[in-house]
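Visitor: Structure incoming, see below.
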Amino acid sequence: MWNIDWSVVAHGVQLTVVGMGLVFMALGLVVLSMVILTRLPWLQVKEGSSKESAEGSEHSSPLVEADERARVAAIAVALALSEERPRPALTPPAGSVSAWKIQGRILQLQR
């Protein structure tokens, strides 16, 4: 019925398995590097803050000052954006007649 060369099919399956294996291995490396890069700075901050609290120093670290400045800046921006500004009125002057009214009147006169 069908004349199939099974060696070609086996070679295609082998290429597919190897290719998908490489793709998933690359994805795994990307995920692993993301985990390492996101957790490593947090571990350093925790270690630094625990050392400072153990020493009992009165000087604040530059990282804490930068964090506090960032919070103050975020609050200032939020307050500035929350203020309402007066918006100009979009109503036409009282004595003007719009084009819609004129068109309506013309249609009424034509009947």
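Derivation of every value follows stated rules applied to the coordinates shown; laboratory data play no part. Remember, predicted model here, so these are calculated numbers, not experimental data. When we count neighbours, we look across all protein chains shown, and the Cβ atoms used for this are built from the backbone with ideal geometry, even at glycine.
Visitor: How large is ³J(HN,Hα), in whole Hz, for each residue of the stretch 21-38 in order, when computed from phi with the Karplus curve 6.51 cos²θ - 1.76 cosθ + 1.60 and θ = phi - 60°, using x for Gly and Pro?
Guide: x, 5, 5, 5, 5, 5, 5, x, 5, 5, 5, 4, 5, 5, 5, 5, 6, 7
Visitor: Using a 10 Å cut-off around each Cβ, can you sort Thr91, Thr38 from fewest to most neighbouring Cβ atoms?
Guide: Going from least to most buried by this count: Thr91, Thr38.
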